[in-house]
Amino acid sequence: MKKPRIATVWLDGCSGCHMSLLDMDTALISLTRKIDLVYGPLVDAQDFPEDVDVTLVEGAISSADDLSKIQKIRQRTRALISLGDCAVTGNVPAMRNSIPVNKLLQQIYVEGAQDNRAVPTDRVPALLKQARPISEFVKVDYCLPGCPPPSKSIVTVITNLLEGRRPEVNVAVKFG
Amino acid sequence: MPLKRFSMRIDGELVNVTEGMTILQAAAAAGKSIPTLCHLEGLTPVGACRVCIVEVSGSDRLFPACTTPVQDGMLVITNSARLTSYRRIAVELLLIERNHVCSVCVSNNHCELQAMASSLAINNVRYAYNYPKLAADLSHPRFVLDHNRCILCTRCIRVCAQVEGAHVWDLTSRGINTRVVADMDQPWGDSRSCTNCGKCVQACPTGALAEKGLGVEDMVKRNGKVSLLVRSRGVPA
């Protein structure tokens, strides 16, 4: 039987959710025997593959690149999970939302910089006006909030989906 | 004239109550818990947050338990799928209205709004986040007012006016622009009526009012002290 194809994605977040994912410790060994990890910061694949069963996305949608990625991911994924507060609420990346993008970049890369005082434009995607939750752009099948979400909850969500159940965790979910 | 005593049913259970009690008080006396957010024992209830709504037989309307007086023969339901769905809406609207960034908040893990969202199993909100531009008032030597975390429960206003007797706080503007202000909309540090007692900080359910210089998760509120103080003084709640 073909193993379920799982992907993880890191958008505008701090990678703390991926740290929590790795923090599942020995459960990671038994889990990886049951799945094919086909894409993510821990995998070499360059392009998001077709026909993915479950994708866990960390981070808010903050740039033009994030937006095109999440649209492609949605098309190619059966169950899309928003992983962590940035993906679910915007969280810390969204704290820039009341500042105009031009002013923000000027303040950080020109006024606040010591050397090379210029706004980078080469090979970096344009920022969107605001960093916003994934569910405001594409349909999300389940949200697991937390900063980061507890390891055990991540295991539960993945295991539930693999075993054909609804992804809901059996403990209280919490923002922050 | 002595107050009338009569009976009512809360979730089917017969409860003896006294005229003038609220549904919330009657439920508490019967050992039943109704979720609340703006309510704080010892302060006059205002029904601002709508989390304590209950069903009352004979009306399609939902009533806030904290401000609705009991009546003879009243039949009250405190928990149902319908109530949970409306309580969720009320809390989700609070979450999107301002910038409640739990992960970097002084009140993270000690916040009544965060705990209420958890107890209602809210794992995302169905509305678009507002992300307003709001300031924090750092002018007071000991305390901070961060409008980003304020849910306009008015506990600070009530505890200052009713318990401390200083009435520093009030609301200005309307609707989405409503804000808590010190004195005549002055920096808190310039307030001449503030006694620096800190009751508002302890009463605040979120990280909107906090002690100065604290880090994430450091602000643990002692709002039970406010209720204790009122009870000790023997002032009727």
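The values are calculated or read from the model by the stated rules, or taken from the named source; none is laboratory data. Note that the structure is predicted; figures quoted are calculated from it, not measured. Because the Cβ atoms are built from the backbone with ideal geometry, glycine has one as well, and the counts that use them run over all protein chains shown.
Look at (1) at pLDDT 95 or above; (2) surrounded by fewer than 19 Cβ atoms within 10 Å (Cβ to Cβ) and you find that A:Ile134 fails only one, number (2). Restricted to region B:1-40, and to residues there that are on the phi > 0 side of the Ramachandran plot and touching a residue at least 12 places away in the same chain (Cβ under 8 Å), the residue that is surrounded by the most Cβ atoms within 10 Å (Cβ to Cβ) is B:Asp11.
Let's see how each residue does on (1) within 11 Å of another protein chain (Cβ to nearest Cβ); (2) touching a Gly at 6+ places or on another chain (Cβ under 7 Å); (3) at positive phi:
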position	(1), (2), (3)
B:Thr68	no, no, no
B:Ile77	no, no, no
B:Leu83	no, no, no
B:Arg87	no, no, no
B:Ala90	no, no, no
B:Leu93	no, no, no
B:Val101	yes, no, no
B:Gln114	yes, yes, no
B:Leu120	yes, no, no
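For B:Cys197, state whether it is closer than 23 Å to B:Leu94 by Cβ and modelled with pLDDT of 95 or more. In short, no. Looking across region B:122-158, the residues that are in a strand (DSSP E or B) and either buried (at least 21 other Cβ atoms within 10 Å of the Cβ) or within 14 Å of chain A (Cβ to nearest Cβ) (or both) come down to B:Ala136, B:Val144, B:Leu145, B:Asp146.
The criterion of at least 3 residues that are closer than 23 Å to B:Thr154 by Cα and outside the structural domain of B:Ile151 (by TED's automatic domain parsing) is met by the following strands (runs of 3 or more DSSP E) wholly inside region B:1-68: B:62-64.
One residue stands out in region B:159-202 among those that are assigned to a helix (DSSP H, G or I) and touching a strand residue (DSSP E or B) at 6+ places or on another chain (Cβ under 7 Å): the one that is surrounded by the most Cβ atoms within 10 Å (Cβ to Cβ), namely B:Cys200. From the list A:Gly84, A:Gly59, the lone residue that is within 11 Å of chain B (Cβ to nearest Cβ) and within 28 Å of B:Asn123 (Cβ to Cβ) is A:Gly84.
Looking across region A:158-176, the residues that are under 14 Å from A:Leu31 (Cβ atoms) and either within 17 Å of the chain's Cα centre (by Cα) or hydroxyl-bearing (Ser, Thr, Tyr) (or both) come down to A:Ile158, A:Thr159.
Identify, please: which residue in region A:34-62 is in a loop (DSSP other than H, G, I, E, B) and of a type in the set (A, V, I, L, M) and is, among those, modelled with the highest pLDDT?
Filtering first and then ranking leaves A:Ile35.
When each of A:Val119, A:Val140, A:Val124, A:Val155 is tested for being assigned to a loop (DSSP other than H, G, I, E, B), more than 10 Å from chain B (Cβ to nearest Cβ) and within 19 Å of the chain's Cα centre (by Cα), the lone residue that passes is A:Val124.
Among the residues of region A:93-116, is there at least one that is under 18 Å from the mean Cα position of the chain (by Cα), within 14 Å of chain B (Cβ to nearest Cβ) and surrounded by fewer than 19 Cβ atoms within 10 Å (Cβ to Cβ)?
Initially, region A:93-116 is screened for residues under 18 Å from the mean Cα position of the chain (by Cα), giving A:93-95.
When the remaining residues are screened for being within 14 Å of chain B (Cβ to nearest Cβ), the result is A:93-95.
Then keep just the ones that are surrounded by fewer than 19 Cβ atoms within 10 Å (Cβ to Cβ); that gives A:95.
So far as region A:93-116 goes, yes, one or more of its residues are under 18 Å from the mean Cα position of the chain (by Cα), within 14 Å of chain B (Cβ to nearest Cβ) and surrounded by fewer than 19 Cβ atoms within 10 Å (Cβ to Cβ).
Regarding B:Arg222, is this residue surrounded by fewer than 21 Cβ atoms within 10 Å (Cβ to Cβ), in the same structural domain as B:Ser107 (by TED's automatic domain parsing) and in contact with a Ser or Thr (Cβ under 6 Å, 6 or more places away or on another chain)? Against the criterion (surrounded by fewer than 21 Cβ atoms within 10 Å (Cβ to Cβ), in the same structural domain as B:Ser107 (by TED's automatic domain parsing) and in contact with a Ser or Thr (Cβ under 6 Å, 6 or more places away or on another chain)), B:Arg222 does not qualify. Within the option set A:Ser135, A:Ser151, being over 25 Å from B:Asn130 (Cβ atoms), out of contact with any Phe, Trp or Tyr (no Cβ under 7 Å at 6 or more places or on another chain) and small (Gly, Ala, Ser) holds for one residue only, A:Ser151. Of the residues making up region B:170-206, those that are over 20 Å from B:Leu40 (Cβ atoms) and hydroxyl-bearing (Ser, Thr, Tyr) number 4. Looking only at region A:63-81, decide whether some residue is within 14 Å of chain B (Cβ to nearest Cβ), touching a residue at least 12 places away in the same chain (Cβ under 8 Å) and part of a strand (DSSP E or B). There is at least one residue in region A:63-81 that is within 14 Å of chain B (Cβ to nearest Cβ), touching a residue at least 12 places away in the same chain (Cβ under 8 Å) and part of a strand (DSSP E or B). Filtering region B:41-51 to residues that are among the hydrophobic types (A, V, I, L, M, F, W, C) and crowded, with 21+ Cβ neighbours inside 10 Å leaves B:Leu43, B:Cys49, B:Val51.
For region A:11-33, filtered to residues that are outside any helix (DSSP H, G or I) and in contact with a strand residue (DSSP E or B) (Cβ under 8 Å, 6 or more places away or on another chain), the residue that is nearest to A:Pro150 (Cα to Cα) is A:Ser15. Tell me whether region B:86-107 contains one or more residues that are more than 25 Å from A:Gly16 (Cα to Cα) and hydroxyl-bearing (Ser, Thr, Tyr). Checking region B:86-107: at least one residue is more than 25 Å from A:Gly16 (Cα to Cα) and hydroxyl-bearing (Ser, Thr, Tyr).
Taken together, the residues in region A:17-62 that are buried (at least 18 other Cβ atoms within 10 Å of the Cβ) and under 14 Å from the mean Cα position of the chain (by Cα) amount to 16.
When we screen A:Lys103, A:Lys69, A:Lys129, A:Lys34 for residues that are of a type in the set (D, E, K, R) and touching a Phe, Trp or Tyr at 6+ places or on another chain (Cβ under 8 Å), the only hit is A:Lys69.
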